[in-house]
Amino acid sequence: FTHTTVPLDILRQLRTGRYTINDVLLTVLAGGLRGWLAAQEQPAQELLALVPMSVVDTDGVPSALGSHVAPHLIALPLAEPNPLMRLHQISYGTRAHTDTGRAVSARRISDIAGFAPTTLQGLGVRAAQAMVLRPHHLLITNAPGPQHPVYLAGARMTASCPVLPVEAGRLVSIGLTSYDGTVFIGISTDRSHMGDPVLLADCIDDAV
């Protein structure tokens, strides 16, 4: 396991037009994975990511938030060398979800009183377990958190870094949580197949 961070302001600068912060994050991860493969002299290829997304009907796993989490498969175009083209292709894939009218916005989730990002991360993992028989390469969860400091008994929380399990047949799981102006990226890998994930974290930083 390792982690890295990205300032939310940088992601906002990268977002243009109809693209969302989630689109930009997925594009950054795709760029990081592309760089990771290149560093190991492996050919870039399309990877299929399982990305649980919050919806408003009963198709997914129910939560106390009044919404549900449903698994979605999104192709990460690692073979595409142009980051802007990767962003466009990924946005096209995520719009298939948002255009249904069932998607729950990050602002709506993070504004719910008492919401903890770990709740959505846990629901995302549970939703992913239902997709274990559908071929995919990695799991990516994204849980927005409060954009202001949170305290416990007077102590300020300084970080909120997700740690996801690695299921059988999946080599890497990546969790994203935004908190107080920063996106925390947690990377869990199968040590017998991927080894040290620090290189992947460095490649994600380069992709930003």
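Here is how the numbers come out for the structure above:
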{"item": "Complete set of residues in the stretch 137-160 that are among the β-branched types (V, I, T) and either over 11 Å from the mean Cα position of the chain (by Cα) or assigned to a loop (DSSP other than H, G, I, E, B) (or both)", "result": "V150, T158"}
{"item": "Total residues in the stretch 161-185, condition in a loop (DSSP other than H, G, I, E, B), out of contact with any helix residue (DSSP H, G or I) (no Cβ under 7 Å at 6 or more places or on another chain) and surrounded by 22 or more Cβ atoms within 10 Å (Cβ to Cβ)", "result": "0"}
{"item": "Given (1) open to solvent by 40 Å² or more (accessible area, probe 1.4 Å); (2) within 21 Å of I187 (Cβ to Cβ); (3) at pLDDT 80 or above, index of the condition P144 fails", "result": "(1)"}
{"item": "Condition met for T158 (in contact with an Asp or Glu (Cβ under 9 Å, 6 or more places away or on another chain) and open to solvent by 70 Å² or more (accessible area, probe 1.4 Å))", "result": "yes"}
{"item": "First in the stretch 186-201 and assigned to a loop (DSSP other than H, G, I, E, B), second anywhere and open to solvent by less than 60 Å² (accessible area, probe 1.4 Å) and not aliphatic (A, V, I, L, M), Cβ under 7 Å, 6 or more apart", "result": "P197/T2; P197/T189"}
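The values are calculated or read from the model by the stated rules, or taken from the named source; none is laboratory data. Keep in mind that this is a model prediction, so the values were computed, not measured. Note that we place each Cβ from the backbone using ideal geometry, even for glycine, and neighbour counts take in every protein chain shown. These area figures cover heavy atoms from the full protein model, side chains too; ligands, DNA and RNA do not enter into them. Shrake-Rupley method; radii C 1.70, N 1.55, O 1.52, S 1.80 Å.
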